[in-house]
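**Student:** Dumping the structure here so I can ask a few things about it.
The numbers here are math on the coordinates, done by the rules we state, and not lab data. Small disclaimer: the values here were computed from a predicted structure and weren't measured.
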Amino acid sequence: MSTSELGRLDAHALDPESTNRTPARRSALLAALLAVVVLVAVSCEAAKANTDYAMINGLRANHGLAPLARSAELDAKAMNHAAAMAASGTLFHSTVSAGVSPGWKALGENVAYASSVENAQRNLEASPPHLSNMLNPAFNQVGIGIKTVNGLTFVVQVFVGR
């Protein structure tokens, strides 16, 4: 294909009158693009939560403690709370027992925000009450929620002992 043919194809693709760009097709393309953006954002938050999970269990291992198991139920609770904090732009605790199925013996929650998950985790480890939650041998499950908005990463860690 010659350069002039490529130029015509490029111009044709941008032509709003093109039959290839009907309103329905534009809507479908926009919806597909939005879905990709949402998937990338969700996968980034999941990767950040996995990073925080590894950091917590690394800390516990360094103190001779068993690792915490991830809980889908606790992850959902933590993610919802991280999103609520990010939407308000402030830190606050949830009603810790809300959304946790019966049978627990101990509960705890850490909340933080910083420029990154790593900085939030360092801040939590520097705080005796938060460090105590992460190193509490009574806890055997954790849920982690991360939400980044406007350069701030909100972190929620929910701990349960069963």
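**Student:** With θ taken as phi - 60° and the coefficients 6.51, -1.76 and 1.60, list the Karplus ³J(HN,Hα) couplings across region 102-116 in order, rounded to whole Hz; mark glycine and proline as x.
**Tutor:** Going residue by residue, I get x, x, 7, 10, 8, 9, x, 8, 10, 10, 7, 9, 6, 6, 7 Hz, with x marking Gly and Pro.
**Student:** Then there's this: Report ³J(HN,Hα) in whole Hz for each residue of region 132-146, in order, from the Karplus equation J = 6.51 cos²θ - 1.76 cosθ + 1.60 where θ = phi - 60°; Gly and Pro get x.
**Tutor:** 4, 4, 5, 9, 6, x, 6, 8, 10, 9, 9, x, 10, x, 10
**Student:** Quick one: 3J(HN,Hα) in Hz for region 48-59, Karplus 6.51/-1.76/1.60 with θ = phi - 60°, rounded, Gly and Pro as x.
**Tutor:** Calculated HN-Hα couplings, in order: 5, 5, 5, 4, 5, 4, 5, 5, 4, 5, x, 4 Hz.
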